[in-house]
Amino acid sequence: MATTIEQAPYFLERKEKNLLVVKDPPKFDLESYIANYEGRTRLKRLEHIGMYSSYLAVDALRMAIAEAKHGADENIYISLTELLHSISPKDTMATPDVEWAEKTFKANKLRQEQLESELKAYKNNLIKESIRMGNEDLGHFYYNIGDLGNAFKSYFRMREHCTSAKHLTDMTMRLTFVAIAQRNWLGAQSHATKVDAQVAKNEERGKLEPVINACMGLSHMCCNSFRDAARDFLNVSPTFITADAVAGIKFQKEVLTGNDIAVYGGLCALASMDRTELQERVLSDTDFRQFLELEPHIRRAISAFCSSKYSTCLQILEEYRADYLLDIYLGPAVTDIYHRIRTKSIVQYFKPFSCVSLDEMSKKFQITGEGYAIEDELTSMITAGILDARIDLVERLLISPATNARHVVHSDALKMAQSYDHTLRLRLTRLNMQNAGMEVRSPKADMEKNIDRGEGFGGTLRRLGQGLGGFS
């Protein structure tokens, strides 16, 4: 069945355009995986799997179509049926229910007119709370029908009618939520930062901080800022998993789960941190360890990297590549993250050696791509300045450039002598100034500050001497 689907016009067209097609079956069970999500993200994740996986395309799209018919977004329902038709034309669910789509469209139009009429009446009455709630209801409606642009505008219009700190925080969290759905990552970061500032002295900080860190980490990861993403994910408290809804949104169900925190945080840390940081900030972190327990293979991969078992680490990650490529947020960044981890592994592996055979490197770091030799990868790393080495193609060796230990010691000694000479000259200059009766005054502001502290001119002169040469 999978082979037949792989030959469908949709996937053949993607291959011709050199677009991603995931042929390998993932390790997760589709029903168990998607049961962790709710709302629009559940639908979009199923659509993403249907678009990229030739193995799960039909099952994912059938589940997505059934899910869409329980909602109010007729546009995504039509697009899903068209996608399924291009993959499996004979499938019974590939034919859209036009009657349902038209009925839903009319119901949405009627509901929109009703909400807009109510909001207009609220504005005429000039009651702030009613206007705020009217915009909020309109935002909820637009989000449910998939009109994210108007949903964002409706939530944003609530700002001037918020009468309490909680209203303002809820509105900003809603804007963050919609920005993530729009893939507007800079906007999501901006609004998440505003929430963080708004609750700086609020008792709800403990409730909101895990959600803010998770959203910031997701935004940074999708912008390829992997170190910032790792920092934010590592700061997410385990309470995120069981946290109550924020602004009516269950972020751990409607955006990303605790399993996603473990995978995203672990991979971003592997791609951006050295072994010492990974050991101290990831494996030894009692809070993040609770997330790693949800995804044991991530913990094993990080442990293998910290133990210098680089081939084991890469092998573990390669086994889950198909799973990660089918993740709606992680998928676009997988290639870059894996490349960074692989590059770091090669550099760390080669460090203790003066030379290593290319055959040994090929065994340790097996290449998954067809027709791609280890020499090509090493050449690109040397050219980019990532790896300090040279390749001997005759003897098939990777050689570390020889270092002159005597030259290094002499250079360090010369730098130290120059530093001492500079310090001594500064001290002699200060002594000569004192003998000549010269006076160096501090700026007026500093003088007044020193006088207020009771230091006087003597204290100022002592500090000046210390700054010139450490003499006191």
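The values are calculated or read from the model by the stated rules, or taken from the named source; none is laboratory data. The structure displayed is predicted, hence computed values, not measured ones. Every residue, glycine as well, gets a Cβ built from its backbone with ideal geometry; the counts of neighbours run over all protein chains shown. Accessible surface areas use protein heavy atoms only, side chains included; no ligands, DNA or RNA. Shrake-Rupley method; radii C 1.70, N 1.55, O 1.52, S 1.80 Å.
Could you list, in sequence order, the residues of the stretch 170-192 that are open to solvent by 10 Å² or more (accessible area, probe 1.4 Å) and out of contact with any Cys (no Cβ under 9 Å at 6 or more places or on another chain)?
Scanning the stretch 170-192 gives Arg174, Ala181, Gln182, Asn184, Gly187, Ser190.
Go through the stretch 130-205 and tell me which helices (runs of 4 or more DSSP H), entirely inside it, have 1 or more residues that are within 20 Å of Gln112 (Cα to Cα) and out of contact with any His (no Cβ under 8 Å at 6 or more places or on another chain). Can you show your working first?
Working: elements: 148-156, 165-181, 185-198.
By residue number, 148-156, 165-181.
Which numbered condition trips up Leu398, out of (1) within 30 Å of Ala373 (Cα to Cα); (2) not in a strand (DSSP E or B)?
(2)
Return yes when Leu278 is open to solvent by less than 10 Å² (accessible area, probe 1.4 Å), closer than 30 Å to Gly50 by Cβ and of a type outside the set (S, T, N, Q) and no when it is not. Step through it out loud before you land on a result.
On the way: open to solvent by less than 10 Å² (accessible area, probe 1.4 Å): yes; closer than 30 Å to Gly50 by Cβ: no; of a type outside the set (S, T, N, Q): yes.
No, not satisfied.
Restricting the stretch 9-52 to residues that are part of a helix (DSSP H, G or I) and aliphatic (A, V, I, L, M), which is surrounded by the fewest Cβ atoms within 10 Å (Cβ to Cβ)?
Taking the stretch 9-52 as the starting set, the residues that turn out to be part of a helix (DSSP H, G or I) are 9-16, 30-34, 39-52.
Going one step further and asking which of them are aliphatic (A, V, I, L, M), we end up with 12, 30, 34, 43, 46, 49, 51.
Details: Leu12: 12, Leu30: 17, Ile34: 20, Leu43: 24, Leu46: 27, Ile49: 28, Met51: 21.
So the residue we want is Leu12.
Quick one: what pairs do we get from the stretch 96-109, first residue aromatic (Phe, Trp, Tyr), second open to solvent by less than 50 Å² (accessible area, probe 1.4 Å) and in a helix (DSSP H, G or I), C-beta under 7 Å, 6+ apart or different chains?
Sorted first by the residue in the stretch 96-109, then by its partner, the pairs are Phe105/Glu74.
So Lys69 clears everything in (1) open to solvent by 70 Å² or more (accessible area, probe 1.4 Å); (2) closer than 26 Å to Thr335 by Cβ; (3) without any contact (Cβ under 8 Å) to a residue 40 or more places away in the chain except one condition, right? Which one?
Every listed condition holds for Lys69 apart from (2).
Can you go through Leu358, Leu317 and tell me which one is in contact with a Lys or Arg (Cβ under 6 Å, 6 or more places away or on another chain), modelled with pLDDT under 95, open to solvent by less than 40 Å² (accessible area, probe 1.4 Å) and of a type outside the set (Gly, Ala, Ser)?
Leu358
Is it fair to say Val195 is at pLDDT below 95, closer than 18 Å to Leu270 by Cα and open to solvent by less than 70 Å² (accessible area, probe 1.4 Å)?
On the way: at pLDDT below 95: yes; closer than 18 Å to Leu270 by Cα: no; open to solvent by less than 70 Å² (accessible area, probe 1.4 Å): yes.
Taking the combined requirement at face value, the residue does not satisfy it.
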